[in-house]
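Quick note: the coordinates plus some simple rules give every number you see, no bench work behind them. All figures in this text were calculated on a predicted structure; none of them were measured in a lab. Ideal geometry is used to build each Cβ from the backbone, glycine not excepted, and the neighbour counts take in all protein chains shown.
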C-alpha cells in the first residue's frame, strides 16, 4: 500500500457547495482536502477559518497568487492575512515561494505546517534550477512543492528525478503528457498527490476514483525507469 496521501482541491464560490463537496469526498475516502480560498466570493479571514473548522477534516488552505494560476483579487497583505487566520485549523497552509519573505515569515511564525510551492504553467526549468527551487522551499517549510509544464517527454522524467533526489517533496509534471507523474509520485514516497473532483484546478489532474485505484497497483519499478 502507498503512503502518499490523495488530496482533492475544492474550487467553489459558495460555502454550501464547499461543504457538500467536502462531505462527498470524505465519504469516498479522500486523505486530505485542499480549500482554494481564491475561488470563494469575497473571502473574509473569519469566514475561511469557520469553513475549515466546519469541514473538520485535514485540509490544505491555499489562496493562490494570480501569477501562479490563482484568482484572489485583494492585496498581497489581505491574501496572506486570510491564510494566517486559518493557520491553527488547517492541516497545512500553502504559500508560494515567490511571496514576499516577510509575509511568508508571518505564516511560518504561527507554527503551522506549511507547503512552500512553485508553479510554472509554461515550461519545465532545468533540473538544477528545480533542485535549487526545492532546496529553498525545504529551508522554509515542511513540504516543498513544484508543478511545471512539460514541452517534451524528457521534461516529465526530469520531474521524477526531482522526486528521486528530494524528500518531503511534491513534484508534478502537468498536462496530459505529465499526468502519469501524479501516480508514480507514490513510488518515490511523495507526501501528497492531487486528484480532481468535478473541479479540475490544474492541467492533467486525474479523477479521484481512478487515482485511488492506480495508487494501489504495484505496476512499475521506478529504479528501472530512471536507469
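For this structure, a couple of remarks:
- Note: relative contact order over the chain, using C-alpha pairs below 8 Å and six or more positions apart, is 19 percent.
- Our note on the geometry: Cα centres of segment 132-151 and segment 1-42, 23 Å apart.
- Helix axis angle, 45-55 relative to the chain longest principal axis, alpha carbon, degrees: 60
- Relative contact order computed over segment 51-91 (Cα-Cα under 8 Å; 6+ residues apart), in percent: 51
- Estimated D of segment 83-144 in µm² per second, where Rh is the Kirkwood radius over Cα pairs and Stokes-Einstein applies at 25 °C, 0.890 mPa s: 202
- Candidates 205, 151, 213, ranked by Gaussian network fluctuation over the chain, Cα under 10 Å, top entry: 213
- Descending semi-axes in Å of segment 1-77, equivalent ellipsoid built from Cα gyration tensor: 22, 15, 10
- By the count of neighbouring beta-carbon atoms within 10 Å, fewest first, 53, 67 end up ordered 67, 53.
- Over all pairs of different C-alpha atoms, segment 50-109 has a mean inverse distance whose reciprocal, the Kirkwood radius, equals 11.9 Å.
- Here segment 34-74 is described by how far its Cα atoms reach on the three principal axes: 30, 18, 11 Å, from widest to narrowest.
- Computed over the chain, Cα set: Rg, Dmax in Å: 16.6, 50
- Cα-only Debye scattering, segment 41-161: base-10 log of I(q)/I(0) at q = 0.17 Å⁻¹: -0.86
- Helix-only [θ]222 nm of the chain, DSSP H runs n ≥ 4, -39500 (n - 2.57) each, per residue, nearest 500: -11500 deg cm²/dmol
- Relative to the 2.2 N^0.38 Å rule of thumb, segment 151-191 has a C-alpha radius of gyration ratio of 1.03.
- Compared with the dominant principal axis of the Cα atoms in the chain, helix 15-28 is inclined by about 40°.
- Segment 44-58 and segment 101-120 have their alpha-carbon centroids 19 Å apart.
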